[in-house]
Protein chains: 2
Amino acid sequence: METKKPRYATFKDYLKENYHGPYMATDIVIRHEEDHKKGIVLIERKYPPFGLALPGGMAENIPFYQNAVKEAKEETGLEAMIDNKDKPLCVLSELDQDPREFIATVVYTAKGTGYLKPCKDEDAKSAGIYTEDELRGLLEKDIWAFPHHKKILKIYLEQKIN
Amino acid sequence: METKKPRYATFKDYLKENYHGPYMATDIVIRHEEDHKKGIVLIERKYPPFGLALPGGMAENIPFYQNAVKEAKEETGLEAMIDNKDKPLCVLSELDQDPREFIATVVYTAKGTGYLKPCKDEDAKSAGIYTEDELRGLLEKDIWAFPHHKKILKIYLEQKIN
C-alpha cells in the first residue's frame, strides 16, 4: 500500500481546522395515547424561536437515537420506544432550515409510554397530543418554531408507521 | 408567552461552548454498471485507516446529500443520482465506530452514471465494482477501513432498492 502522509498530524487537527458544521440536532415523532386521545406529541417552546415544535434538541455526545429518547423524556416526560435506531424517518440538512446556524436534524419515529409531563427546566413550556386531523389543520398555519418541522410531519403523514 | 431569557447571548455562543460532536460524515452505496460488470462501488483508501471502504467523507458546509454526491464524484469519478435525499439508507452514530473521533454518518443510496475514475488527489487509491456475491464474501473478511461500513452493506443487502 502507498504510505503517502496524511495532510494533518492528527484527525483532530484536521477537524479543528476544517469542520464548521453542520451542527446536529435530533427530533422525534412520538405516537402516544393518553386520556382517550391518540395522536402525535408536540411541544410549545419556552425559548426562541417560539412556537409549536416536535420534541428534540441539539445532539450531545451520545448516539443520535439515544439523544432523541433523552430529549423526548426531558421535554414530554414520556419514554420513547424508537421504531428503528438505524433507519430514521428522515434527515434534513438544508442550509437555511434553522434561523440560528447550519443545523441538520436526524428524525426518529417512536411509540410513547408513560404520561405527558414536561420537565420544568427544559425547552418545553407545554406538551400535548394532536390527532392526525388536528395536525393537518396546524400544518396550514404559521405557528411553528421551525418551518422544517412542517416538512417532517408531512413526510410522517405520507409514510406513517401504524 | 413567557419571555424567560435564553441561557446564552447567542446560539453560536451556546454551540461554541456545548457542541463537541458528533462530527458528521456521509457515505454512499452506488449501484453501477460498467464493462459488463454490475454491482456496488467500493474504494481502496490511500490514507489511514487503510482498507476497503464505501465512497464518502467528512461533511462540509452543504446539505448531506450534496456532500455524498460530491465525495462520490471525487473518489470514483461517477455522477451519483441519489435515490431519496430526505430518506437515507441509514444513519449510524455509535460512539466507537470511527477510531479517530466521534463521527456519525448519514448513508445514501444512489445510481451511478459515467465511468469509474478516482481523482488522483482524493482519498481513493482505486475504485471498483463488486457484485453482490463478491460483497457477501468480502463482508466475511477483515479488509475494511471502517468496521461500520460492513454494517451499512449488510443493511443495504437486506433491504436493497433495485
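The chymotrypsin sites (Phe, Trp or Tyr not before Pro) of the stretch B:54-162 that DSSP puts in a loop, and whose beta carbon has at most 15 other beta carbons within 10 Å, are B:Y115. Charged side chains reduced to their Cβ positions (Lys and Arg at +1, Asp and Glu at -1) give the protein assembly as shown a dipole of some 140 debye around its Cα centre. Applied to the stretch B:112-122, the Karplus parametrisation 6.51 cos²θ - 1.76 cosθ + 1.60 on θ = phi - 60° returns per-residue 3J(HN,Hα) values of x, 10, x, 10, 4, 6, x, 5, 5, 8, 9 Hz, with x for Gly and Pro. By the rule of a C-alpha distance below 14 Å, with chain neighbours fewer than 8 residues away ignored, the aspartates and glutamates paired with B:K85 are A:E94, B:D27. Computed over chain B, the per-residue total of -39500 (n - 2.57) for DSSP H runs of n ≥ 4 gives a 222 nm mean residue ellipticity of -7000 deg cm²/dmol, rounded to 500.
For the stretch B:124-160 versus the stretch A:72-89, the spacing of their alpha-carbon centroids is 30 Å. With its label point defined 7 Å out from Cα along the Cα-to-Cβ axis, B:L15 lies at 1.6 nm from the matching points of the other copies, in increasing order.
Sparsely packed loop sites in the stretch B:1-69 (the GluC sites (Glu not before Pro) outside DSSP H, G, I, E and B with at most 12 other Cβ atoms within 10 Å) comprise B:E2. Distances between every pair of Cα atoms in the stretch B:20-102, grouped in 5 Å steps from 0 to the bin holding the largest one, split as 3, 13, 23, 26, 20, 11, 3, 1, 0, 0 percent.
Between the beta carbons of B:E158 and A:T113, assuming R0 = 25 Å, the FRET efficiency works out to 0.30 to the nearest 0.05. Accessible surface buried at the B:A interface totals approximately 4700 Å², computed with a 1.4 Å probe on protein heavy atoms.
Summary: within chain A, the longest segment free of trypsin sites (Lys or Arg not before Pro) located in DSSP loops with at most 11 other C-beta atoms within 10 Å is A:8-119.
What is the calculated FRET efficiency for B:T10 to A:K12, with r their C-beta to C-beta distance and R₀ = 22 Å, to the nearest 0.05? So the FRET efficiency works out to roughly 0.30. Rounded, prolate or oblate for the stretch A:82-162? Axes are the square roots of the Cα gyration tensor eigenvalues, ordered a ≥ b ≥ c, and the cut-off for rounded is a/c under 1.5. Here the stretch A:82-162 falls in the rounded category. All other residues whose Cβ lies under 10 angstrom from that of A:C119 are scored, Lys and Arg at +1 and Asp and Glu at -1, for a net of -2. Rolling a 1.4 Å probe over the protein heavy atoms of the stretch A:50-162, with every protein chain left in place, gives an accessible area that is 52 percent carbon and sulfur. If R0 is taken as 41 Å, the Cβ-Cβ distance between B:E134 and A:D35 corresponds to a FRET efficiency of 0.15. Look at the dipole of the stretch B:41-162 built from charges on Cβ: of B:Y65, B:G114, B:H149, the Cα furthest out on the positive end belongs to B:G114. Averaging over all projection directions, the Cα-based convex hull of the stretch B:49-92 occupies 3.8 nm² in the image plane. The mean accessible area for residues of the protein assembly as shown, using a 1.4 Å probe and ignoring ligands and nucleic acids, is 49 Å² per residue. Over all orientations, the protein assembly as shown has a Cα convex hull whose mean projected area works out to 17.6 square nanometres. In the stretch A:68-96, the residues that give up 30 Å² or more of accessible area when the other protein chains are added, compared with the chain on its own (1.4 Å probe), are A:D86, A:K87, A:P88, A:V91, A:S93, A:E94, A:L95. For the stretch B:1-60 and the stretch B:93-108, what is the centre-to-centre distance using only Cα atoms, to the nearest Å? After rounding, the separation between the Cα centres reads 8 Å.
Against the longest principal axis of chain B, how steep is helix B:147-158, in degrees 0 to 90 to the nearest 10, with axes from Cα atoms? It works out to around 70 degrees. Per the Debye formula on identical point scatterers at the alpha carbon atoms of chain B, with no solvent, log10 I(q)/I(0) at q = 0.08, 0.15, 0.20 Å⁻¹ is -0.26, -0.78, -1.34. In loop segments of the stretch B:105-162 as defined by DSSP, the GluC sites (Glu not before Pro) with at most 16 further C-beta atoms inside 10 Å of their C-beta are B:E140.
The values are calculated or read from the model by the stated rules, or taken from the named source; none is laboratory data. Please read these numbers as outputs of a predicted model, since none were measured by experiment. Cβ coordinates were reconstructed from backbone atoms using ideal geometry, including for glycine residues, and neighbour counts include every protein chain displayed. Side chains are part of the model used for accessible areas, which takes the heavy atoms of the whole protein and leaves out ligands, DNA and RNA. Shrake-Rupley method; radii C 1.70, N 1.55, O 1.52, S 1.80 Å.
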